[in-house]
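Colleague: I have a structure here, written as structure tokens, and I will follow up with some questions on it.
The values are calculated or read from the model by the stated rules, or taken from the named source; none is laboratory data. Since this is a predicted model, take the numbers as computed values, not measurements. No Cβ is skipped: glycine too gets one built from the backbone with ideal geometry, and neighbour counts run over all protein chains shown.
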């Protein structure tokens with residue numbers, strides 16, 4: 001697990017996109033940082049945990065990719 005030091009004005013969705021690749025990981029990010037779950041807009045200098053993302057496995061894998 002990595003960490004991220006916030007900049008003034010950072011929000012959960014922008015941190016998820018910048019650090020994890022997509023806003024869809026926002027809930028995972030919030031869960032890893034429950035102490036700040038009520039925060040909407042961050043001030044500078046807050047250290048957040050950036051959880052590891054498990055690679056999504058497609059439901060169907062063509063035979064030549066197995």
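Colleague: Contact list please: Cβ distance under 9 Å, first residue in segment 37-66 and at positive phi, second residue at pLDDT 80 or above, pairs at least six apart or on different chains.
Modeller: That search, which allows pairs on different chains as well, returns 45/5; 45/6; 45/7; 45/8.
Colleague: When the residues of segment 3-22 are narrowed to those that are outside any strand (DSSP E or B) and closer than 16 Å to residue 37 by Cα, which ends up farthest from the chain's Cα centre (by Cα)?
Modeller: Looking at the filtered set, the residue picked out is 9.
Colleague: Any idea how many residues of segment 46-66 are modelled with pLDDT of 75 or more, under 30 Å from residue 6 (Cα atoms) and assigned to a loop (DSSP other than H, G, I, E, B)?
Modeller: 5
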